[in-house]
1. Which semi-axes, in whole Å and largest first, does the equivalent ellipsoid of region 39-140 have when worked out from the alpha carbon gyration tensor as the square roots of 5 times its eigenvalues?
2. Count charges around His34 for me, please; just the other residues with Cβ under 15 Å from its Cβ, Lys/Arg as +1, Asp/Glu as -1.
3. Between region 80-103 and region 176-219, how far is it from one alpha carbon centroid to the other, in angstrom?
4. If you take the C-alpha gyration tensor of region 123-226, multiply each eigenvalue by 5 and take the square root, what semi-axes do you get, largest first, in whole Å?
5. Calculate how large, on average over all directions, the projected area of the Cα convex hull of region 2-91 is; give the answer in nm² to one decimal.
6. Given a 1.4 Å probe and the protein chains all in place, what does the accessible area of Trp169 round to, in Å² to the nearest 10?
7. Rolling a 1.4 Å sphere over the protein heavy atoms, what is the accessible area per residue of the chain, to the nearest Å²?
8. Given a 1.4 angstrom probe, I'd like the percentage of the accessible area of region 1-157 that is carbon and sulfur, rounded to a whole number.
Amino acid sequence: MEEQKFVIWGRNPIIEALKSGRALEKILVAHDSHPPKELIKLAEKKKVKVQRVPRKKVEEIAGTKKTQGVVALVSPVQYWNENELIDKVVENGGVLLVMDHITDPQNVGNMIRTAEVLGVEGIVLPRERSSPINEVVVKASTGAVFHIPITRVGSLRQFLERFKKKGGWVVAVEKGGKPIHKISFPFPLAVVLGSEGKGVSKSVLDASDLIATIPMKGQITSLNVSSATAIALWEVAKQKWVDN
């Protein structure tokens, strides 16, 4: 069975999708194409990224040459309004998982699956430099993407500052902090994990109230980010479940 591809192509279908409020991951425009101004303006208004790529790429993704030089990746999920998600999590004294520029869709899917299993109430992704919610993410999450609220934000730091103003706390999982099993976590809580290689970005670390470190004894001193997420969220979940 062929995996479902979340794509639409052609100028009018994409304009109509934008007008309807359908969640689009991004729009790809062929280098040699001139899409209508209306399409570009709507994309800006809806904060959908427009990327210039070779025509061959547009046709490959669409699976046809009849694209009119434009293809859109459609999100399989409807994104939540970020302020509504903050209010929900604060009201419930819940937990958010914040992914700081994680680009590997397999990792993103695994992390969403773990979060859903462990009772996390929402996922926060940055709009830039983050894997789109595509068929790989859906498959890796085993469908968990359909059961957990997800929001995309322009600035993680600004989002976290708003979350803190409403009474939330922020913990970054990163080296050089307090051992995670020795931390008494405050709720509502945002748990931040950073990209492999770069870790949690400085601006997000600056916005964090706590830095939690997973102690390691082996020769290899790093974990795959989805494994680190599972360990961190389990430590948080234990305290949350005991408290409630």
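The values are calculated or read from the model by the stated rules, or taken from the named source; none is laboratory data. Computed from a prediction, not measured in an experiment: that's the story for all the values here. Ideal geometry is used to build each Cβ from the backbone, glycine not excepted, and the neighbour counts take in all protein chains shown. Note: accessible area is taken over every heavy atom of the protein model, side chains too, but ligands, DNA and RNA are not part of it. Shrake-Rupley method; radii C 1.70, N 1.55, O 1.52, S 1.80 Å.
1. 30, 17, 10
2. Combined, the nearby Lys, Arg, Asp and Glu give +3.
3. Region 80-103 and region 176-219 have Cα centres separated by 17 Å.
4. Three semi-axes, in Å: 23, 20, 14.
5. So the Cα hull casts an average projection of 6.8 nm².
6. 110
7. I get 52 Å² per residue for this part.
8. Looking at region 1-157 in its full context, I get 49 percent from C and S.
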